[in-house]
Every structure is written in C-alpha cells, then in structure tokens.
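Inspection log for the structure reproduced underneath, given as structure tokens.
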Amino acid sequence: MGDFIVRDLSAETWPAFADIVERHNGVWGGCWCMAFHPEGVGKGHTPAGNREAKHERVLAGTTHSALVMDGDTCVGWCQFGSPTELPRVKSRRKYEAGLEDPPDWRITCFFVDRRRRGEGIASAALAGALASIATAGGGVVEGYPEETEGFAVQGSHLHTGTVGMFLDVGFVRQRQISPRRWVMARSVAPA
C-alpha cells in the first residue's frame, strides 16, 4: 500500500473529490456518489444536477466520505453516513425483511481511480471511514459488500466493497440479501 493519507470530504477537499469524479465521467454514468442519498439518481436526474446536489450536501455537512489522498490528488473514497443521510440500499426488500434494528451508520459505496486499482486504496478508505465514525461517536456500522470468493468480478459490482475486505477489519456476516451481497456489521467504539 502506498503512502496514503485519508481526509474527510469537506468544502476544503471538494476540489480533489470533484477532480477524480470528473476524470471518471461523473462515476457510473454521472452518479456523483448520490445514488444512496434520498435524492437518488436515474430518471429526472442529470450528471450536472447530481454534481450540484453533492456539492450542496458537502457544504451543508450532510454527506460523508473518507477520501484517500496521494499528495493533493484524491485516488478513491468510501462513502458512509447515517441511515437518514443514506436511506437507499441495494436489495431493499430482502434487507428490510431481515432488519431488526437500524444501524447507526452505513457504508454504502467505494470508488477507486481506474489507474490505481489493486493498491489497497479501498481498504485505506474503509479504515478512514471507521476512524471518522469513531470520532463522530461510534456505534453500529453496516456495510453491504459482495462475495468475490469463487466469482469472476466485473466492473461496478464492487462499488459496495468485498466481503473479504470487511472481514479483515472485524465485520461479521449478518444475513445474505442477494446471491452475492451480504449485510455485515460491527460496532465502533467512540474515539
């Protein structure tokens, strides 16, 4: 793993975040990491509108991401937040059917610069997100990663991370919500 530092997404780090998103055509069709927010993406949303909505959330402090920095360049991130900030989850029907208590925090997506994949950036982002959650008071954290053991992985399927990466930092499997996606959780103590 390189000499990365992890910084929270903020008005100060917005230019570095915007740069990586713009270098990747808005990320997954212009999402701008808005798909899990209440606004969502898709019909009625444009990449420019998603960009503006994300920027407004950054300025209001209603979006959280751990940005992995290589110098002044953002090379990836992990988005996290409360269920109020990030109410959308994949496989919602199965997720809600097994839900007993909502988590305090959700880890919803990862992105790594296409030129930098395989360097441990997603793992650094996950560690940074957990550190930020600890600083914010800790609590129960859920993630929704994909099982990759024995499967050929394609493109954006890994936007929720891998089961192995979550296991490495103490998450445990709670329940399966799709053929390869799991709800995984762990508690984070306050810092």
Q: Starting from region 155-170, take each residue that is over 13 Å from Gly120 (Cα atoms) and of a type in the set (Val, Ile, Thr) and list its partners that are part of a helix (DSSP H, G or I) and modelled with pLDDT of 90 or more, counting only C-beta distances under 9 angstrom and pairs at least six apart or across chains.
A: Val169/Ser123; Val169/Leu126; Val169/Ala127; Val169/Leu130
Q: From (1) under 13 Å from the mean Cα position of the chain (by Cα); (2) among the acidic types (Asp, Glu); (3) at pLDDT below 95, pick out the condition that doesn't hold for Glu85.
A: (3)
Q. Name the pairs whose Cβ atoms lie under 6 Å apart, with the first residue in region 1-22 and in a loop (DSSP other than H, G, I, E, B), the second of a type in the set (Ser, Thr, Tyr), and 6 or more positions between them or separate chains?
A. Leu9/Ser65
Q: Quickly run through region 163-184 and pick out the residues that are part of a strand (DSSP E or B) and surrounded by fewer than 20 Cβ atoms within 10 Å (Cβ to Cβ).
A: Val172, Arg173, Gln174, Arg175, Gln176
Q | Matching residues, region 24-64, being over 22 Å from Pro83 (Cβ atoms), modelled with pLDDT of 95 or more and basic (Lys, Arg) | A | Arg51
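This table checks each residue for (1) buried (at least 16 other Cβ atoms within 10 Å of the Cβ); (2) under 18 Å from the mean Cα position of the chain (by Cα); (3) of a type in the set (Phe, Trp, Tyr).
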residue	(1), (2), (3)
Ala16	yes, yes, no
Ala35	yes, yes, no
Lys94	yes, no, no
Asp101	no, no, no
Q: Please work out which residue is farthest from Tyr144 (Cα to Cα), limiting yourself to region 97-108 and to residues that are modelled with pLDDT of 95 or more and out of contact with any Pro (no Cβ under 7 Å at 6 or more places or on another chain).
A: Asp104
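When the residues of region 59-92 are narrowed to those that are charged (D, E, K, R) and over 23 Å from Val172 (Cβ atoms), which ends up surrounded by the fewest Cβ atoms within 10 Å (Cβ to Cβ)?
Quick first cut of region 59-92, residues charged (D, E, K, R) only: 70, 72, 85, 88, 90, 92.
Now drop any that are not over 23 Å from Val172 (Cβ atoms), which leaves 70, 72, 85, 88.
Numbers: Asp70: 16, Asp72: 9, Glu85: 19, Arg88: 16.
Residue satisfying both the conditions and the ranking: Asp72.
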Q: Quick one: Cys78 ticks every box in (1) closer than 18 Å to His24 by Cα; (2) within 15 Å of the chain's Cα centre (by Cα); (3) at pLDDT below 95 except a single one, so which number is it?
A: (3)
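Rundown of residues vs (1) more than 13 Å from the chain's Cα centre (by Cα); (2) among the charged types (D, E, K, R); (3) within 25 Å of Ile177 (Cα to Cα), yes/no style:
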{"position": "Ala11", "(1), (2), (3)": "yes, no, no"}
{"position": "Glu22", "(1), (2), (3)": "yes, yes, no"}
{"position": "Ala66", "(1), (2), (3)": "no, no, no"}
{"position": "Ser91", "(1), (2), (3)": "yes, no, yes"}
Q) Just for region 141-162: of the residues that are outside any loop (DSSP other than H, G, I, E, B) and exposed (fewer than 14 other Cβ atoms within 10 Å of the Cβ), which one is modelled with the lowest pLDDT? A) Ser156
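The values are calculated or read from the model by the stated rules, or taken from the named source; none is laboratory data. As the structure is a computational prediction, the values presented were derived from the model and not from experiment. Neighbour counts run over all protein chains shown; Cβ positions are idealised from the backbone, glycine included.
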